[in-house]
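Here is the structure we will look at.
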Amino acid sequence: MADLAAVKRALAAQRIETPSWGYANSGTRFKVFAQPGVPRNPEEKIADAATVHRFTGVAPTVALHIPWDKVDDYAALTSYAQSLGVEIGAINTNVFQDDDYKLGSVTNPDPGVRRKATDHLLEAIDIMDQTGSRDLKLWFSDGINYPGQDDLRTRQDRLSAALRETYDRLGQHQRIVLEYKLFEPAFYATDIPDWGTSYAHCLTLGDRATVCIDTGHHAPGTNIEFIVAFLLRAGKLGAFDFNSRFYADDDLMVGAADPFQLFRIMYEIVRADALDPAYGIAFMLDQCHNIERKIPAIIRSVMNVQEATAKALLVDREALFAAQRGGDVLEANAIFMDAYNTDVRPLLAEVRADAGLDPDPIGAYKRSGYDEKIVAERVGGTQAGWGA
Ligand code: LRH
Ligand code: MN
């Protein structure tokens, strides 16, 4: 039987990072539905992230995206965040939105473009030196649309050279989390399409290069928890970009489309004793809230991760391992499903109350009037995000 006191301690110590861009306007190629009260600058995004932390108690860091969150003084931005009770988390690079990157960024046939892209990655580390961030999050949209468009092998040589230069610039306490994605915006071959490619580059780079799993970046039917178990065993899992999807990279609220998958993923984390922040896995959200209010959506997403984690922590691992060793297929599955079918909401309400928080974060947020306040205050200026 799981030790409930230990489960509650683990839940109280859980840390989930929210994305600055999750608070800004977003959409699809068809439409961006702007919302009232959306942040107009990094400070307002950080204020919204601090609000999510205020009501959940487990989201004390916010990831930035450069240049979406470009400011003149990152040390001042960091102090501002700290004054609101949060820290700056991962720094995300962006080599996917510049005209020069049509045929690729660090893999582009043009050495001048490769230089420009690599310089952006190095600039992000300069920013990390000012924000105190540990993680440089690299995602490359690089790829090709037609067979023969470019040489697949040569593009890997170019990618490897840029990663090496970036890795060698890292400070002692900094690391790379290298994200992969099956397709989009490239529709024939992506240069880092899957976990194996990211893993291989990370092995080549060194200890401070780890893989980032974005849960929306796999072919349908991919067993993501297997990838988690494998990378944990190899000591190469660095981070998650949590979201959920029904079809492609839908970036919906994590746990919304497939809460059972999220439970299976968090079980592999718990089984490896990798939940504690000291283990070093960054649990980040990477989502777009195209039609729903953004702050309550992110609060709900944090709660979905907490619920999946609580269920995973309740798996009676001793009994499970015994059934597995004994080849008792049905018993093993039953033990696993018992935990998943446990209503953990009362337990999480207790954990929140023990931390002096309202057991109902969404209700508390609604009663706080924060949504009305930002709608009233954030008038004029240019809203941040897509279509800005
Ligand atoms: C790419 C991605 C990446 C981010 C972007 C906002 O699809 O998942 O993590 O840079 O979304
Ligand atoms: Mn992502």
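General observations
- Of note, Thr190 satisfies the criterion of being within 13 Å of ligand 1 (Cβ to nearest atom), of a type in the set (Ser, Thr, Tyr) and modelled with pLDDT of 95 or more.
- Top-ranked residue in the stretch 141-181 [being closer than 25 Å to Thr222 by Cα and among the aromatic types (Phe, Trp, Tyr); ranked as surrounded by the fewest Cβ atoms within 10 Å (Cβ to Cβ)]: Tyr146
- Here Asn290 passes the criteria (1) assigned to a helix (DSSP H, G or I); (2) touching a Gly at 6+ places or on another chain (Cβ under 8 Å) except the one numbered (1).
- Scanning the stretch 163-187 for residues that are touching a residue at least 40 places away in the same chain (Cβ under 8 Å), away from ligand 1 (no atom under 13 Å from the Cβ) and over 16 Å from Leu237 (Cα atoms) yields Leu163, Arg164, Glu165, Thr166, Tyr167, Arg169, Leu170, Gly171, Phe187.
- Taking residues in the stretch 321-344 that are of a type in the set (Ser, Thr, Tyr), and partners anywhere that are outside any loop (DSSP other than H, G, I, E, B), the pairs with Cβ atoms closer than 7 Å and at least 6 places apart or on different chains are Tyr340/Phe260; Tyr340/Phe263; Tyr340/Lys311; Thr342/Lys311.
- Scanning the stretch 296-304 turns up no residue that is within 16 Å of ligand 1 (Cβ to nearest atom) and part of a strand (DSSP E or B).
- Among the residues of the stretch 223-246, those identified as away from ligand 1 (no atom under 14 Å from the Cβ) and either touching a residue at least 24 places away in the same chain (Cβ under 8 Å) or touching a Phe, Trp or Tyr at 6+ places or on another chain (Cβ under 9 Å) (or both) are Ile224, Glu225, Ile227, Val228, Ala229, Phe230, Leu231, Leu232, Arg233, Ala234, Lys236, Leu237.
- The one condition from (1) in contact (Cβ under 8 Å) with a residue 40 or more places away in the chain; (2) part of a helix (DSSP H, G or I); (3) within 16 Å of ligand 1 (Cβ to nearest atom) that His201 does not meet is (3).
- The stretch 182-204 - residue that is under 21 Å from Pro147 (Cβ atoms) and within 13 Å of ligand 2 (Cβ to nearest atom) and, of those, surrounded by the most Cβ atoms within 10 Å (Cβ to Cβ): Ile192
- Out of Ala239, Ala209, one residue alone is over 14 Å from the mean Cα position of the chain (by Cα) and either among the aliphatic types (A, V, I, L, M) or closer than 15 Å to Val177 by Cα (or both). It is Ala209.
- Single match in Ile176, Ile213 (criterion: farther than 30 Å from Glu307 by Cβ and part of a strand (DSSP E or B)): Ile176
- When Ser105 is tested against the conditions (1) over 20 Å from Ser133 (Cα atoms); (2) part of a helix (DSSP H, G or I), the lone failure is (2).
- Residue list for the stretch 141-158, restricted to those being away from ligand 1 (no atom under 16 Å from the Cβ) and either touching a Ser or Thr at 6+ places or on another chain (Cβ under 7 Å) or more than 23 Å from Pro109 (Cβ to Cβ) (or both): Arg155, Arg158
- In the stretch 9-19, the count of residues that are farther than 19 Å from Met303 by Cα and surrounded by 21 or more Cβ atoms within 10 Å (Cβ to Cβ) is zero.
- Count of residues meeting criterion [farther than 22 Å from Gln174 by Cα and within 13 Å of ligand 2 (Cβ to nearest atom)] in the stretch 205-247: 7
- Single residue of the stretch 328-374 satisfying the filter (within 27 Å of the chain's Cα centre (by Cα), more than 19 Å from Leu313 (Cβ to Cβ) and among the β-branched types (Val, Ile, Thr)) that is surrounded by the most Cβ atoms within 10 Å (Cβ to Cβ): Ile374
- A single entry from Ala90, Ala117 fulfils the requirement of being more than 21 Å from the chain's Cα centre (by Cα), buried (at least 18 other Cβ atoms within 10 Å of the Cβ) and either in a strand (DSSP E or B) or within 16 Å of ligand 1 (Cβ to nearest atom) (or both): Ala117.
The values are calculated or read from the model by the stated rules, or taken from the named source; none is laboratory data. These numbers were taken from a predicted model, which means no experiment stands behind them. Cβ coordinates were reconstructed from backbone atoms using ideal geometry, including for glycine residues, and neighbour counts include every protein chain displayed.
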